[in-house]
Every structure is written in C-alpha cells, then in structure tokens.
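Worksheet for the structure shown next.
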Amino acid sequence: MEQDAPKGSKSKSPGVTRTPAERPLPNFFYRLTPRLQRCYLRSDSIDRFEFAMKPAVRERAAELVRMLEAGNLRTTERGANELADELCRLAGIAPVPVVVRGVRPHNARGELHGLFRVDPPRTIVLWMRTAQRHDVVKPRTFLRTLLHELCHYFDYAVLGLEDSFHTMGFFKRESFLVRAIAPPSTRGK
C-alpha cells in the first residue's frame, strides 16, 4: 500500500502527486465505502501514465483525424481502433475494441460523446456526428473523447483500480495523453 507523502511534497514515484489537503472532496466521496474511497484517492494521486509515446502513435492520431474529416463511419472506426490498439500495445495491455456510431444520442441533459462499457466484453463506443445538425464532430473533440474513454480502460487495466472515477488525477491523465498525441493541427480546435 502506498504511503501518503508529507503535505506539499511529491511522491517519489514518477507521475504521482498527492491530493492537496485544502482541496475539498466531492460530497459523494463520503458515501463511498472505505475501499472505494482509497481507490478514489489513489486515482486522484496519479497525473500521467508511464509509457513513452512513439512517433507511430502521433501518426495514427493524425491519420484518424483525416479519416474523421472525410466523414466515413467505417474508416473512422478503423482509425480509432488502430490508435487505441497502438496505445494499448505501448501500455502492455490487451486491446479494447472501439465501436464508432453515427449520430450522438441526446436528452435534456445534453449529447453523449462516448461511453466505456465496463462489463465484458469491455468496449469503447464513440459517436462521430452531432445530435442536432448531424455535423461531423471536431477532430479534437473526437480524439479527446476517445482518449477519455481509453483512460477509463487504463484505470482498470494499467493502474489496477477497482473503479474509474472522474478525479482531478483522471483529468490530468487524460490531458497528458491529449498533449502527447494530438496532432498540432487539432490543438485549439
């Protein structure tokens, strides 16, 4: 079990920072079981994944962007799977299938961009068209959604977490992947 580093210090493990004591935890945290509270805090303490990005990953991301912009569902799905497979290979884990669908589902709360199915077989589902106008989504949005859902998978398969919470650490890991992978042409879009 990891020991907490003294307040204000960083852990000796690369990629691990401690949750600042002054940052309040969300209300639902206190309703979690002690085991899931530990899982939440561990997730919050990890800010990146420890694998080196290869040029092939960035090339796959750029290719995926080109496929998405062409608006073809099948080629976009193939490109998303190739990128996900390459990232899983780098992480040393089994690949997770990616399914790309057409128009995003929506309700009063908004549009669904992506989904990670935890139950076997684990699967990532993405949508490539907006709900209202049926436009192809922006490349950065699509790529970030794919990486967000991959982060959920990595939480289980790479980090060995019991659950994948949306902690500050989770969003830092997602941003780490986006910065490492996103082609320059999609930055700021």
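The values are calculated or read from the model by the stated rules, or taken from the named source; none is laboratory data. Quick caveat, the model's predicted, so the values are computed rather than measured. Cβ coordinates were reconstructed from backbone atoms using ideal geometry, including for glycine residues, and neighbour counts include every protein chain displayed.
Here are some notes:
- Of all residues making up region 53-67, the number that are crowded, with 16+ Cβ neighbours inside 10 Å and not in a loop (DSSP other than H, G, I, E, B): 9
- Residue in region 177-185 that is closer than 30 Å to R38 by Cβ and in contact with a Pro (Cβ under 7 Å, 6 or more places away or on another chain) present: no
- A count restricted to region 142-166 and to residues that are surrounded by 17 or more Cβ atoms within 10 Å (Cβ to Cβ) and under 12 Å from the mean Cα position of the chain (by Cα) stands at 17.
- The condition of being acidic (D, E) and more than 28 Å from L161 (Cα to Cα) holds for E63.
- Of all residues in region 91-130, those satisfying the criterion of being surrounded by 15 or more Cβ atoms within 10 Å (Cβ to Cβ), farther than 17 Å from L68 by Cβ and either touching a residue at least 24 places away in the same chain (Cβ under 8 Å) or among the basic types (K, R) (or both) are A91, V96, P97, L115, F116, R117, R122, T123.
- Residue within region 105-124 that is over 28 Å from L159 (Cα atoms), in contact with a strand residue (DSSP E or B) (Cβ under 9 Å, 6 or more places away or on another chain), at pLDDT below 95 and among the charged types (D, E, K, R) present: yes
- Condition check for R48: at pLDDT 95 or above, closer than 25 Å to G169 by Cα and among the basic types (K, R): no
- Residue check, R173 touching a Ser or Thr at 6+ places or on another chain (Cβ under 7 Å), in a helix (DSSP H, G or I) and of a type outside the set (D, E): no
Residue-by-condition table, conditions (1) closer than 30 Å to E162 by Cα; (2) more than 16 Å from the chain's Cα centre (by Cα); (3) assigned to a helix (DSSP H, G or I); (4) not aromatic (F, W, Y):
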site: F29; (1), (2), (3), (4): yes, yes, yes, no
site: F51; (1), (2), (3), (4): yes, no, no, no
site: E69; (1), (2), (3), (4): no, yes, yes, yes
site: T76; (1), (2), (3), (4): no, yes, yes, yes
site: N81; (1), (2), (3), (4): yes, no, yes, yes
site: R89; (1), (2), (3), (4): yes, no, yes, yes
